[in-house]
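Student: Let me begin by handing over the structure; questions about it come next.
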Amino acid sequence: METIEIKDIALKQKHIDLGAKMVEFAGFNMPLQYTGLTDEHLNVRDNVGVFDVSHMGEFMVTGEGALDLIQRITSNDASKLSVGKVQYSCFPNNEGGIVDDLLVYMLGEEEYMLVVNGANLDKDWAWVNKHNTSNVSIVDKSSNISLLAVQGPNAQKMLQPLTNMDLDMVYYTVQRGVFAGVDNVIISSTGYTGAGGFEVYFENKDAEAVWNAIQEAGKAVDMKMAGLAARDTLRLEMGFCLYGNDINDTTSPLEAGLGWITKFTKDFVNSDNLKAQKEAGVTKKLVGFELLERGIPRHDYEIVDADGNNIGIVTSGTMAPSLGKAIGMGYVTKENSKVDSEIYIAIRNKRIKAQVVKMPFYKG
């Protein structure tokens, strides 16, 4: 039997020293939680927490033809970017599904960084290179870059003393400069929590210096470390898609409610078929729902109607710490997708009543 090597992140020992529960995630040894999911989750919503998300991948696409390549392989219109801006997008495949979702950073003229999901690194790298028919310069920096997400309303207050970059940044913008005495650090006003904050990219060789500075700065605001478990509940409260759960190789961006990042003002991989799908209308849609009775929806639970007929499947679900109620996302038939529609989640041979609601669940 083939054994899959689990990769270590640069700051692994730091997390272990702080008592983190470590688990395999996306092929990496990652911190799942520290003080507990609810404590970490609420601290990010109300204060500030730090996540190590170094499993994410970073591809540098630079020079002549960089924009043309990105335009061909992504669904959003990257020509709308200017230096210092970030864009959410996806790689459509040829079958109507999604290879991955990603962030496109415009760092300079003809200089882009694509940030992809760690679990999809090899697949994404092969996909991008397969479509690089013009020999555009693409470099995979993933194994050399660490990434800390500093999230929450006190993130700016915490990090500003560490840099002369002005961190009063508009959402989805990016800067590069000196941070914690380290040069060439990329800091963006992005994140996966809906709580505000930043993502800080730096080379592994500088990881200890950046970590120590962030830990020290965190003391002034009672910062707590946070793990992937809290990151998942935070993103779900915002209705953000998780690749592998809510979107995958078989779900179309239109079905997933990602029409807003699917721009038919240009040609891209499978754009003709997706355009036809948009014109014909989708037959299933990703919706958010709240349970009206006791229970917790889980990935792959069946969604049924009042008569027990299958109408869909749960893709993500949890007991939402900020809301004190069970929430989830799932695909249902179009006729059951309207807000306030009554649906049922099949949990242990019971039908638990739920209601389709408008996302995000957490309004802040």
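The values are calculated or read from the model by the stated rules, or taken from the named source; none is laboratory data. Computed from a predicted model, the values in this text were never measured in an experiment. Cβ placement follows ideal geometry from the backbone for every residue including glycine, while neighbour counts extend to all protein chains displayed.
Student: Restricting to the stretch 8-45, and then to whatever is within 21 Å of the chain's Cα centre (by Cα) and polar (S, T, N, Q), can you tell me which residue is nearest to Gly196 (Cα to Cα)?
Tutor: Per the stated criteria, the residue is Asn43.
Student: Taking the stretch 69-88, which residues are over 13 Å from Glu111 (Cα atoms) and among the basic types (Lys, Arg)?
Tutor: Those that are over 13 Å from Glu111 (Cα atoms) and among the basic types (Lys, Arg): Arg72, Lys80.
Student: Looking at (1) of a type outside the set (D, E, K, R); (2) outside the structural domain of Met158 (by TED's automatic domain parsing); (3) at positive phi; (4) more than 14 Å from the chain's Cα centre (by Cα), which one does Gly244 not meet, given that it meets all the others?
Tutor: Here Gly244 clears every test but (4).
For every residue, the table says whether it meets (1) touching a residue at least 40 places away in the same chain (Cβ under 8 Å); (2) surrounded by 22 or more Cβ atoms within 10 Å (Cβ to Cβ); (3) not hydroxyl-bearing (Ser, Thr, Tyr).
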residue	(1), (2), (3)
Tyr243	yes, no, no
Asp249	yes, no, yes
Pro253	yes, yes, yes
Trp260	no, no, yes
Thr265	yes, no, no
Gln277	yes, no, yes
Gly281	yes, no, yes
Lys285	yes, no, yes
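Student: Output the number of residues of the stretch 168-191 satisfying the condition of being within 22 Å of the chain's Cα centre (by Cα), assigned to a loop (DSSP other than H, G, I, E, B) and either buried (at least 20 other Cβ atoms within 10 Å of the Cβ) or outside the structural domain of Arg45 (by TED's automatic domain parsing) (or both).
Tutor: 3
Student: So which residues in the stretch 213-223 are over 12 Å from Leu148 (Cβ atoms) and not aliphatic (A, V, I, L, M), if there are any at all?
Tutor: Across the stretch 213-223, the qualifying residues are Glu216, Lys219, Asp222.
Student: Still on this model: Looking at Ser134, is it at pLDDT 95 or above, surrounded by fewer than 21 Cβ atoms within 10 Å (Cβ to Cβ) and among the hydroxyl-bearing types (Ser, Thr, Tyr)?
Tutor: Yes.
Student: Now, a different point. Going by the structure shown, is Phe25 aromatic (Phe, Trp, Tyr), crowded, with 21+ Cβ neighbours inside 10 Å and under 24 Å from Gly244 (Cβ atoms)?
Tutor: Taking the combined requirement at face value, the residue does not satisfy it.
For every residue, the table says whether it meets (1) in contact (Cβ under 8 Å) with a residue 12 or more places away in the chain; (2) of a type outside the set (D, E, K, R); (3) under 24 Å from Phe28 (Cα atoms); (4) in contact with a Lys or Arg (Cβ under 6 Å, 6 or more places away or on another chain).
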| position | (1), (2), (3), (4) |
| --- | --- |
| Asn43 | yes, yes, no, yes |
| Asp46 | yes, no, no, no |
| Phe51 | yes, yes, yes, yes |
| Pro92 | yes, yes, no, no |
| Ile98 | yes, yes, yes, no |
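Student: Another question about this same structure. Being assigned to a loop (DSSP other than H, G, I, E, B), more than 18 Å from Glu255 (Cα to Cα) and modelled with pLDDT of 95 or more: is that true of Tyr362 here?
Tutor: Spelling it out, Tyr362 is indeed assigned to a loop (DSSP other than H, G, I, E, B), more than 18 Å from Glu255 (Cα to Cα) and modelled with pLDDT of 95 or more.
Student: Same structure again: Taking the stretch 76-129 on its own, how many of its residues are closer than 26 Å to Val282 by Cα, of a type in the set (Ser, Thr, Tyr) and surrounded by 22 or more Cβ atoms within 10 Å (Cβ to Cβ)?
Tutor: So the answer is 1.
Student: Just one of the numbered conditions (1) in contact (Cβ under 8 Å) with a residue 60 or more places away in the chain; (2) in the same structural domain as Gly196 (by TED's automatic domain parsing); (3) not small (Gly, Ala, Ser) is not true of His131; which one?
Tutor: It is condition (2) that His131 fails.
Student: Looking at the stretch 61-83, can you tell me whether even one residue there is without any contact (Cβ under 8 Å) to a residue 60 or more places away in the chain, touching a helix residue (DSSP H, G or I) at 6+ places or on another chain (Cβ under 9 Å) and part of a loop (DSSP other than H, G, I, E, B)?
Tutor: Scanning the stretch 61-83 turns up at least one residue that is without any contact (Cβ under 8 Å) to a residue 60 or more places away in the chain, touching a helix residue (DSSP H, G or I) at 6+ places or on another chain (Cβ under 9 Å) and part of a loop (DSSP other than H, G, I, E, B).
Student: Quickly run through the stretch 141-166 and pick out the residues that are more than 23 Å from Leu234 (Cβ to Cβ) and of a type in the set (Lys, Arg).
Tutor: Once the filter is applied, which keeps residues that are more than 23 Å from Leu234 (Cβ to Cβ) and of a type in the set (Lys, Arg), the stretch 141-166 yields only Lys141.
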